[in-house]
Structure formats: C-alpha cells, structure tokens
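Asks: Let me begin by handing over the structure; questions about it come next.
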Amino acid sequence: MLEKTDNPMSKTSSQIYLLQVALMEGDNKKAEEYASIRGVKSFLSIKTADMQVIQAWYQFKVKKDVVQTHKAMKIARQKMNSSRMLRDEKSYYQNWLAELEKELTEGV
C-alpha cells in the first residue's frame, strides 16, 4: 500500500501501524526507522490514548527512556477515559498499556 498511494495521510497511517507491528515483533531497527519518519513523529506527539501508548512502547523498547515512557503512559491513562475509540479498540490499547506496565514492573 505504501508504494501504491500518493495520499500522505494513508502513507502515514500505514507507517504508524507498521511501527506498532515492529514494536510488537521486537524489531527495534524497523521501529526506529518508522518512528523517524516526519509524519509518524508528528502523530506520535498527538496527545491521544492510542498514540501515547505507541509512544510509550517506542520509548521503552527502542529508546530505553523510562522517564519518557512513564510520561507517555500517564498521558495515555488520562486520555483513555475521555477517548472516543470504539470499545474493542479501547480495550486493545488498555491491555497493551497494562502489558507495558507489567514489563516495567518486572524490569525494575
């Protein structure tokens, strides 16, 4: 899809999902590659629950920055309550956030 579209929004959303997949698969090199794309960087700075959960995982797995991880997690938790995500999507991001909290606890 990335090669076939001229729509910048479609490219960026695809790259965000590819970043998420890379994080889940533990491919830090690919995650870094996607996170360094200008449009993806912009989206990761958006203060929404889903973007901040992805940001938190990126900071934890790739950057190894616990302070920024906690900052993104805090924003994600705050935004989760007022989020307009669908129930399934919200549940997915809540579970992924809980998984990160568990990893942080076990790693300390």
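Each value in this text was obtained by applying a stated rule to the coordinates, not by laboratory testing. For clarity, every value in this text was computed on a predicted model and none was experimentally measured. Cβ atoms come from the backbone with ideal geometry, glycine included; neighbour counts cover every protein chain shown.
Asks: Could you run the Karplus curve 6.51 cos²θ - 1.76 cosθ + 1.60 with θ = phi - 60° over segment 37-43 and give me ³J(HN,Hα) per residue in whole Hz, x for Gly and Pro?
Replies: So the Karplus estimates, Gly and Pro as x, are 6, 3, x, 5, 4, 4, 5 Hz.
Asks: Starting from the Cα-Cα distance between MET85 and ASN28, subtract it from 0.36 nm times their residue separation and give me the gain in nm to one decimal. List each step's numbers first, then the result.
Replies: Values: separation 57, 0.36 × 57 = 20.52 nm, distance 2.71 nm.
Contour length minus the Cα-Cα distance gives 17.8 nm.
Asks: Another question, then. Please identify the longest segment of the chain free of exposed trypsin sites (Lys or Arg not before Pro), where exposed means a DSSP state other than H, G, I, E or B and no more than 16 other Cβ atoms within 10 Å. Don't skip to the end; give the middle numbers.
Replies: Details: sites that count: LYS4, LYS47, LYS64, ARG84.
In short, 5-46.
Asks: Let me ask another. With springs only between Cα atoms under 10 Å apart, run a GNM on the chain and tell me which of VAL21, VAL62, VAL40 wobbles the most.
Replies: Its mean-square fluctuation being the largest, the pick is VAL21.
Asks: Okay, next question. I want to check the label-to-label distance for LYS4 and LYS74. Put each point 7 Å from Cα in the C-beta direction and report it in nm to one decimal.
Replies: A separation of 4.4 nm, rounded to one decimal place.
Asks: Say we join alpha carbon atoms closer than 10 Å with springs in a Gaussian network model of the chain; which of ALA35, ALA72, ALA98 then has the biggest fluctuation?
Replies: Taking springs between Cα atoms under 10 Å, the residue moving most is ALA98.
Asks: Right, another one. Rounded if a/c is under 1.5, else prolate if a/b beats b/c, else oblate: with a ≥ b ≥ c from the C-alpha gyration tensor eigenvalues square-rooted, which is segment 46-96?
Replies: Numbers: a/c = 2.67, a/b = 1.86, b/c = 1.44.
In terms of gyration-tensor shape, prolate.
Asks: Using a 10 Å cut-off around each Cβ, can you sort ILE75, ILE46 from fewest to most neighbouring Cβ atoms?
Replies: Numbers: ILE75 18, ILE46 11.
If I rank by nearby Cβ atoms, fewest first, I get ILE46, ILE75.
Asks: How large is ³J(HN,Hα), in whole Hz, for each residue of segment 94-104 in order, when computed from phi with the Karplus curve 6.51 cos²θ - 1.76 cosθ + 1.60 and θ = phi - 60°, using x for Gly and Pro?
Replies: 5, 5, 5, 5, 4, 5, 5, 4, 5, 4, 5
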